[in-house]
Amino acid sequence: MGDWQDIFAAKIAAMDLTEPWRLQEDDSLQVHILKPGWKEYVQRRALGRFRCSQCFHEWSSAKAHIVFHMHRHKGQGMVWMRAFRQACRRCSDPQLEEPEFSQETMEKLLHNLVLKILKYFYRLPIQHSDLLEVVVDTQVTGPHDSARCEGCQLGVCSQSRPALAWDAWEPSMHADKARTHRTLKRQVP
């Protein structure tokens, strides 16, 4: 969790937000079940790596799911996150294993999360092109095993949105990112 928190803090600071924001894990978060005043960001497609704690088999999944719930109250912000787990295909009685994500994937997810925070809580205009696409650029063999995926079992996959929805990411060009950062820095109160 430390890497997530460090990257998140850096992303918040880069947007010149003076209010404190914290990021914590919560394995009880559910998609679309929010407390009043909370907002949600769901990433349904990211490359996660898993390792079985029983047989040490390793696998990758292009459908590692992550949900973030965020809230701002009295000048402070809180984000709870949950990365959904998967179970090993090789073990007869497997445990659910936590995914690991590359630094690049965490950077992109948290960049998008901070843009969501700016949109939802500071009412800054965010364009689709401001978001970074979380690309799965590594070959993953075999189909997604929905029966061994915690996110699928809880309905995260079945609730996917069409490609043109707000949560569908489009790649940003370096010039767009620089323009967005300058624009957002001027607009943050």
Subtracting the Cα-Cα distance of E25 and H73 from 0.36 nm times their residue separation yields 15.4 nm
Neighbours of G75 by Cβ distance under 14 Å: Lys/Arg at +1, Asp/Glu at -1, summed charge +2
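Using a probe radius of 1.4 Å on heavy atoms only, what accessible surface per residue do you get for the stretch 1-122? Whole Å² is fine.
On the way: 5960 Å² over 122 residues.
On a per-residue basis, the stretch 1-122 sits at 49 Å².
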Local electrostatic count, I126, Cβ distance below 11 Å [Lys/Arg +1, Asp/Glu -1]: +2
If I model a spin label at R51 and V135 as a point 7 Å from the Cα along the Cα→Cβ vector, what separation in nanometres do I get? 2.7 nm
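The values are calculated or read from the model by the stated rules, or taken from the named source; none is laboratory data. Just so it is clear, the model here is predicted, and its values are computed rather than measured. No Cβ is skipped: glycine too gets one built from the backbone with ideal geometry, and neighbour counts run over all protein chains shown. For the accessible areas, the whole protein counts, side chains as well, though only heavy atoms, and no ligand, DNA or RNA atoms are used. Shrake-Rupley method; radii C 1.70, N 1.55, O 1.52, S 1.80 Å.
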